[in-house]
1. When you scan the stretch 102-118, do you find a residue that is in contact with an Asp or Glu (Cβ under 9 Å, 6 or more places away or on another chain) and within 20 Å of Gly224 (Cα to Cα), even just one?
2. Please enumerate the residues belonging to the stretch 169-228 that are part of a loop (DSSP other than H, G, I, E, B), within 15 Å of ligand 2 (Cβ to nearest atom) and in contact with a Ser or Thr (Cβ under 9 Å, 6 or more places away or on another chain).
3. Which of the residues spanning the stretch 112-134 are of a type in the set (A, V, I, L, M, F, W, C) and either touching a helix residue (DSSP H, G or I) at 6+ places or on another chain (Cβ under 8 Å) or under 14 Å from Arg171 (Cα atoms) (or both)?
4. What are the residues in the stretch 111-139 that are among the hydroxyl-bearing types (Ser, Thr, Tyr) and either in a strand (DSSP E or B) or within 15 Å of the chain's Cα centre (by Cα) (or both), if any?
5. So, Ala226, is that one under 22 Å from Ala57 (Cβ atoms) and not basic (Lys, Arg) or not?
6. I'd like to know if the stretch 154-174 contains one or more residues that are under 16 Å from Thr126 (Cβ atoms) and either in contact with a His (Cβ under 9 Å, 6 or more places away or on another chain) or aromatic (Phe, Trp, Tyr) (or both).
Amino acid sequence: MARCGKRRSTNSIASGLAISTTICAIILVMGMTMAAAANAQNLYCCTATMAAPADAAPVLYNLPNGGGAPLTQAGSASGIVDATITLNLRTDACVPLANFTATDMWLEKEAVAGTDNFVACSSGTTADANTDANGVTTWTAPLRAGGWSTSRTVVVVAGTAIFESAPLNLRHNSADLNGDGVANLSDIPLFAGDYLGPYAFRSDLMFDGAVNLSDIPRLAAGIGAACP
Ligand SMILES: [Ca+2]
Ligand SMILES: [Ca+2]
């Protein structure tokens, strides 16, 4: 299974401007409207850590086609931070597990009701590579995923969550606001409503704690992104 998504065709500047104009038009119209109205193992010896400190509370911008941000370029209230995740994979006897298959190690969001509509494409959150001789692998490449999540991120190995490490304080959002695996015109009204309404994390695509003009380029550039 491929690790990286296929590249989507590059939008022309003209089409980007057209989409931006469409988004602005919808926001304007809505504004006017609103104004009027596991494995057999326990994995207990494994550890999963994030480069950024937990209090940085990073936000990863994802697109279903893998065109979002790499984990090295996550957003935070204080700017870009490195949210690279490192897994030390060990047997229950704490022996490093070398050359463990990358596609059998993936990220999920913590199961907390009402905190997400996160959706991952097939093999869209798997590790960068098989574990090395020391049983180590990382997540740095952009994920292939959509939707949003304010719950934490969990490392899963062959279906079993790494439970000895606390879940990682990494949140997610995407131009695929409704979490159906494709960023398209149906996501724009959601953004437009958030733009005009109370703060909504899902639309803070260039994360800085506010939904404003700076978030629109990511929405515009993301339109058309789908799971491979
Ligand atoms: Ca969508
Ligand atoms: Ca923002």
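Coordinate-derived values only; no laboratory data. Quick caveat: nothing in here was measured; it's all calculated off a predicted structure. Glycine also receives a Cβ, built like all others from the backbone with ideal geometry; neighbour counts cover every protein chain displayed.
1. Yes, that holds for at least one residue.
2. Within the stretch 169-228, Leu177, Leu205, Met206, Phe207, Asp208, Val211 qualify.
3. Val112, Phe118, Val119, Ala120, Ala127, Ala129
4. Thr115, Ser122, Ser123, Thr125, Thr126, Thr137, Thr138
5. no
6. There is no residue in the stretch 154-174 that is under 16 Å from Thr126 (Cβ atoms) and either in contact with a His (Cβ under 9 Å, 6 or more places away or on another chain) or aromatic (Phe, Trp, Tyr) (or both).
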